[in-house]
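Novice: Mind having a look at this structure? Questions to follow.
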Number of protein chains: 2
Amino acid sequence: MRKNFNFSAGPAVLPEEVLLQAQKEMLDWNGTGVSIMELGHRGSEFKTIVEESEANLRELMNIPKNYRVLFISGGATHQFSMVPLNLYSAKKEADYIETGVWSKKAAAEAKHFGEVNVAAEVIKENGLFTVPPQSKWSLNPNADYVHYTPNETVEGIEFQWVPQTGKVPLVADMTSFILSRPVDVNQFGIIYAGAQKNMGQAGISVVIIRDDLIKDPIPGTPILYSYQITAEHHSLYNTPPTYSWYILNLVLRWMKQNGGVKKFAERNERRAMKLYQIIDKSKGFYLNTVHPDYRSWMNVVFNLETPELTQLFLDEAKKIGLKYLKGHRLVGGVRASLYNAMPDEGVNQLAEFMEEFAKRY
Amino acid sequence: MRKNFNFSAGPAVLPEEVLLQAQKEMLDWNGTGVSIMELGHRGSEFKTIVEESEANLRELMNIPKNYRVLFISGGATHQFSMVPLNLYSAKKEADYIETGVWSKKAAAEAKHFGEVNVAAEVIKENGLFTVPPQSKWSLNPNADYVHYTPNETVEGIEFQWVPQTGKVPLVADMTSFILSRPVDVNQFGIIYAGAQKNMGQAGISVVIIRDDLIKDPIPGTPILYSYQITAEHHSLYNTPPTYSWYILNLVLRWMKQNGGVKKFAERNERRAMKLYQIIDKSKGFYLNTVHPDYRSWMNVVFNLETPELTQLFLDEAKKIGLKYLKGHRLVGGVRASLYNAMPDEGVNQLAEFMEEFAKRY
């Protein structure tokens, strides 16, 4: 096993088994005599990856037949543009729920193409960040869609429930949420996610879209930003990021071999709660300011009393192989990202270190 | 050395040294204890790749200081949209030179955003495809830019000269041309290229753009399609395709270690001519229909008398390890892509096989 544990928020840790397989196959993939990186994307050989990856994701997420699975170059930021370009109707009205850095960025980009109504925002109550209940949201019943971000990677704010938007399609940026717990895909119009947190490496995204939402985009939409063109060409209109796609498939296979989403969800909850308990028992030595109902399983964010103490924590952690724990540049502090590929041993070592460090200072 | 030679037009062969290094570093890049795939893109560690790759490309291509080098997610098809979105002025007029499948696709996409004047087209003269001299082109002196494709990967049609467009910026899709021979960057407004032919693996492109062409794009341009935003953020506005970027840098390093562009150009010309000579001496057994002045160094395209004979050629070649020689689905026949990473031994074996096969049938 590797000596380091990588708590980076993304690009993030990958399963060691996946890396070992990629390493082994680097110069000869599946008896082709060539690397998967060198393989044409239109041949029968690469097709096996195209098909298996979709089948694996469908199985893991139990994706209904009336949803298409698209593999698209780039990450969530591409989707910030693609969603409005493809979902705005003539009236161009959308609701956005702003709960952190990423949902705000998504809303800001949509404003370039149409109207954005911020239907709800994160609030601070008794010193804790929380999201108002849906009954207090100002949802527009005629909106083209409602967009939200189930897990905010920067702030560590995560929904434990799914908004109910009736006939208005619900769009979710699941980049740091997908495959971390079961979801009922039927509740969503579009689910999108960059791969580099829970599904693989950077360079590729997954878009799960309900059939009826695939239609002509706004005129002047770049060809690769059309879900319709992408769907018609089975995600192969142009040369896709083949190696990222291959790694994505290896991760999905690994998840299937290791019990599937439900199993990972149990583990994810248990591991996050372990760290939150240490934080709560530390009597303010570690401080997390997210309401318990919205604490993230994937990104456990906390502060120490001073920037100097935070730096000392990060330095000492690094020395014992607990790496990339630094919080996002916008908020500082510490962020422990506990994606599926993080071994239990990493979380255990971090927990021990947190307790031991708190005792010392 | 590997037993197979990969003549795929792209994604294409990579240097064995590059693959071996990637393999070696798969689980521990540069002493970090993590894979490069798992490494955050904003850290000091990944920054070394960002900086080295730009420095390497600047050195290899002798890129002047008044040009920016951008690394952008996706391939040339993204640039088909980005070029017009960023270069069209209020009048929205551009000249396109149509010499094959790819330049036509570029022109078709530009039409979604403004006016396209096809200033010149490939023609057939005495049974051979050729490009009219520039004196016969209908260039618009007030065009926002002139776009051309120095090497058409599908048809194997390559310019041996650079159009002179005066004050009108010249834009070149160099996807299957870049680094195959020296170019004077000063003659271009924009050079763009997907990496997966001569520079690495799929998922990343390089855009070399003259300073004064970086400006506000057309309103409604998606944020990641703005050269300005990309340049301001040093190609790190969002999470880039980090692993593709890393492989790209390894290929650039390898080119420097192996003599640079001039050295590769000499080799590329010699190798292509070797195959064209066999074709020409075959008395019609192999048929290439491109005028000698426009024959591609990178993609040697030819036909055999019947589809059956072509298939037999491909099957027998494959048996002795000469793989992925099948022509593009739109034109059929045989296509031998001889990118920089193709070992001489591969070309020699193909040449021998072609001579031997022609004798037998």
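The values are calculated or read from the model by the stated rules, or taken from the named source; none is laboratory data. What you are looking at is a predicted structure, and each value in this text was computed from that prediction instead of being measured. Every residue, glycine among them, receives a Cβ derived from its backbone with ideal geometry; neighbour counts consider all protein chains shown.
Novice: Hey, any hits in the range B:30-46 for a residue that's part of a helix (DSSP H, G or I), surrounded by fewer than 19 Cβ atoms within 10 Å (Cβ to Cβ) and over 19 Å from the mean Cα position of the chain (by Cα)?
Specialist: Yes, the range B:30-46 contains at least one residue that is part of a helix (DSSP H, G or I), surrounded by fewer than 19 Cβ atoms within 10 Å (Cβ to Cβ) and over 19 Å from the mean Cα position of the chain (by Cα).
Novice: Might you check whether a residue that is farther than 21 Å from A:Ala202 by Cα and out of contact with any helix residue (DSSP H, G or I) (no Cβ under 9 Å at 6 or more places or on another chain) occurs anywhere in the range B:33-50?
Specialist: No, every residue in the range B:33-50 fails to be farther than 21 Å from A:Ala202 by Cα and out of contact with any helix residue (DSSP H, G or I) (no Cβ under 9 Å at 6 or more places or on another chain).
Novice: Here is a check on your reading of the model: is B:Ala90 surrounded by fewer than 23 Cβ atoms within 10 Å (Cβ to Cβ), outside the structural domain of B:Gly332 (by TED's automatic domain parsing) and modelled with pLDDT of 95 or more?
Specialist: For B:Ala90, the condition - surrounded by fewer than 23 Cβ atoms within 10 Å (Cβ to Cβ), outside the structural domain of B:Gly332 (by TED's automatic domain parsing) and modelled with pLDDT of 95 or more - is not met.
Novice: Shifting gears a bit: Exactly one of (1) more than 10 Å from every other protein chain (Cβ to nearest Cβ); (2) part of a helix (DSSP H, G or I); (3) without any contact (Cβ under 8 Å) to a residue 24 or more places away in the chain is unmet by B:Leu19. Its number?
Specialist: Single failed check for B:Leu19: (1).
Novice: To continue, here is another question. Can you name the residue in the range A:200-223 that is buried (at least 24 other Cβ atoms within 10 Å of the Cβ) and not β-branched (Val, Ile, Thr) and, of all such residues, is nearest to A:Ala90 (Cα to Cα)?
Specialist: Once the filter is applied, the top-ranked residue is A:Pro222.
Novice: Hey, does the range A:109-125 have a residue that's in the same structural domain as A:His147 (by TED's automatic domain parsing), aliphatic (A, V, I, L, M) and under 19 Å from A:Ala193 (Cβ atoms)?
Specialist: Scanning the range A:109-125, I find at least one residue that is in the same structural domain as A:His147 (by TED's automatic domain parsing), aliphatic (A, V, I, L, M) and under 19 Å from A:Ala193 (Cβ atoms), so the answer is yes.
Novice: So A:Met199 passes all but one of these: (1) closer than 28 Å to B:His328 by Cα; (2) within 14 Å of another protein chain (Cβ to nearest Cβ). Which condition number does it fail?
Specialist: Evaluating A:Met199 over (1) closer than 28 Å to B:His328 by Cα; (2) within 14 Å of another protein chain (Cβ to nearest Cβ) leaves (1) as the failure.
Novice: Would you be able to tell me the number of residues in the range A:68-120 that are within 20 Å of A:Glu152 (Cα to Cα), small (Gly, Ala, Ser) and within 10 Å of another protein chain (Cβ to nearest Cβ)?
Specialist: 5
Novice: So the check is Cβ under 7 Å with 6+ separation or different chains; which pairs have a first residue in the range A:202-223 that's within 12 Å of chain B (Cβ to nearest Cβ) and a second one that's in a strand (DSSP E or B) and among the aliphatic types (A, V, I, L, M)?
Specialist: Filtered contacts from the range A:202-223: A:Ser205/A:Ile72; A:Ser205/A:Ala193.
Novice: Is it the case that some residue within the range B:25-32 is under 28 Å from B:Arg2 (Cβ atoms) and of a type in the set (Gly, Ala, Ser)?
Specialist: Among the residues of the range B:25-32, not one is under 28 Å from B:Arg2 (Cβ atoms) and of a type in the set (Gly, Ala, Ser), which makes the answer no.
Novice: I'd like to verify a number: residues in the range B:141-158 that are surrounded by fewer than 15 Cβ atoms within 10 Å (Cβ to Cβ) and polar (S, T, N, Q), how many?
Specialist: 1
Novice: Which of the following residues is within 14 Å of chain B (Cβ to nearest Cβ) and either without any contact (Cβ under 8 Å) to a residue 12 or more places away in the chain or surrounded by fewer than 24 Cβ atoms within 10 Å (Cβ to Cβ) (or both): A:Asn268, A:Asn238, A:Asn303, A:Asn258?
Specialist: Just one listed residue meets the conditions, A:Asn238.
Novice: Hey, among the residues in the range A:121-140 that are among the β-branched types (Val, Ile, Thr) and in contact (Cβ under 8 Å) with a residue 12 or more places away in the chain, which one's surrounded by the fewest Cβ atoms within 10 Å (Cβ to Cβ)?
Specialist: The qualifying residue surrounded by the fewest Cβ atoms within 10 Å (Cβ to Cβ) is A:Thr130.
Novice: B:Pro132 - would you say it is in contact with a Lys or Arg (Cβ under 9 Å, 6 or more places away or on another chain) and of a type outside the set (D, E, K, R)?
Specialist: Taking the combined requirement at face value, the residue does not satisfy it.
Residue-wise test of (1) surrounded by 21 or more Cβ atoms within 10 Å (Cβ to Cβ); (2) within 30 Å of A:Leu128 (Cα to Cα).
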site	(1), (2)
A:Asn62	no, no
A:Asn66	no, no
A:Ile72	yes, no
A:Thr77	yes, yes
A:Pro84	yes, no
A:Glu98	yes, yes
A:Trp102	yes, yes
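Novice: Still on this structure, I have one more. Do you know which residues across the range A:6-16 are crowded, with 24+ Cβ neighbours inside 10 Å and more than 9 Å from chain B (Cβ to nearest Cβ)?
Specialist: Residue satisfying the conditions is A:Phe7 alone.
Novice: Right, next: Output the number of residues of the range B:22-53 satisfying the condition of being of a type in the set (Gly, Ala, Ser) and facing another protein chain (nearest Cβ under 7 Å).
Specialist: Result for the range B:22-53: 4.
Novice: Still on this structure, I have one more. Among A:Ser176, A:Ser226, which is the only one that is surrounded by fewer than 24 Cβ atoms within 10 Å (Cβ to Cβ) and within 14 Å of another protein chain (Cβ to nearest Cβ)?
Specialist: Testing whether each residue is surrounded by fewer than 24 Cβ atoms within 10 Å (Cβ to Cβ) and within 14 Å of another protein chain (Cβ to nearest Cβ) leaves just A:Ser226.
Novice: A follow-up question, please. So is B:Arg181 assigned by TED's automatic domain parsing to the domain that holds B:Tyr237 and not in a loop (DSSP other than H, G, I, E, B) or not?
Specialist: Working: assigned by TED's automatic domain parsing to the domain that holds B:Tyr237: yes; not in a loop (DSSP other than H, G, I, E, B): no.
Taking the combined requirement at face value, the residue does not satisfy it.
Novice: Test each condition in (1) at pLDDT below 95; (2) closer than 25 Å to A:Gly200 by Cβ for A:Gly332 and report the one that comes out false.
Specialist: (2)
Novice: Please go through the range A:306-336 and give me each residue that is hydroxyl-bearing (Ser, Thr, Tyr) and closer than 20 Å to A:Ser282 by Cα, ordered by number. Give the steps one after another, and end with the answer.
Specialist: Let us first name the residues in the range A:306-336 that are hydroxyl-bearing (Ser, Thr, Tyr), namely A:306, A:310, A:324.
A:Thr306, A:Thr310 - these are the residues of the range A:306-336 that are hydroxyl-bearing (Ser, Thr, Tyr) and closer than 20 Å to A:Ser282 by Cα.
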